[in-house]
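Have a look at the structure below before the remarks.
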């Protein structure tokens, strides 16, 4: 009974402490699902994709890279200075996201194509110069899943409410960039966001139950430029 109470209390605390990420995430998810139901997947995509500018081309061309696997890898390395527990937790999260996203893309929904293949031509799409949109396996968005996972996990360490909300916005705009660049449909984005957030929560608590002094250790070495004088 105590374990159940502790689990409930812990989960409640996680949601309370990070409500500035969770609340806008829930609002974002509901709004996107409602729009998908009203407007439709392809029409909502075209609405986003057709509202473009030279400045947005430049911004989203680079912004989308915040959802790359390299960002997750760098975050895992960063977590080694927080604790081995956190680094290992996020390593497992990243591996699960990679496995689940690839299974869904290549084995469960392989017939779902990206926008370029769906429309059969790039003439109706806005294609950013220098970016070649993928063609196959669109559902779900791995970039979006990674961005929301990193953003949520990072928010666990922050106390500033604005910073937590900004992390949410960073993740949202990664998802937006995937539509802007003609790489994904809105349904891919909302699915990726849900996968990233749900897997992060499912992995976070179990790793907190492991009683290990080794896992609570961290890298103590600091590069000379960060050394205290």
May I ask for the percentage of alpha-carbon pairs in the stretch 12-218 that lie more than 27 Å from each other? 31
Ordered by fewest other Cβ atoms within 10 Å, a rough proxy for footprinting exposure, 132, 159 read 159, 132
Could you give me D for the stretch 104-229, from Stokes-Einstein at 4 °C and 1.567 mPa s, where the hydrodynamic radius is the Kirkwood radius over C-alpha pairs? Units µm² s⁻¹, please. 76
Normalised contact order of the chain, rounded percent, pairs of Cα under 8 Å and 6 or more residues apart: 31
Would you mind telling me which residue in 12, 142, 196 has the biggest mean-square fluctuation in a Gaussian network model of the chain, where springs connect alpha carbons within a distance under 10 angstrom? 12
Likely footprinting exposure, 42, 213, fewest C-beta neighbours within 10 Å first: 213, 42
Using alpha-carbon coordinates, inclination of helix 69-79 to the longest axis of the chain, degrees: 10
If one takes the longest principal axis of the Cα atoms in the chain, at what angle in degrees, from 0 to 90 and to the nearest 10, does the Cα axis of helix 84-103 lie? 30
When a footprinting reagent is the concern and you count Cβ atoms within 10 Å, what order do 51, 126, 143 take, fewest first? 51, 126, 143
Going by alpha carbons, how many degrees (0 to 90, nearest 10) lie between the helix axis of 54-63 and the longest principal axis of the chain? 40
If the chain between residue 132 and residue 81 were fully extended at 0.36 nm per residue, the gain over the current Cα-Cα distance would be 14.7 nm
Which of these, 63, 81, 214, has the largest mean-square fluctuation under a Gaussian network model of the chain (Cα springs below 10 Å)? 214
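Laboratory data are not the source of any read-out in this text; all were calculated from the coordinates shown. This structure is a prediction, so every number in the text was calculated from the model and none was measured. Positions of Cβ are generated from backbone atoms using ideal geometry, with glycine treated the same way; all protein chains shown enter the neighbour counts.
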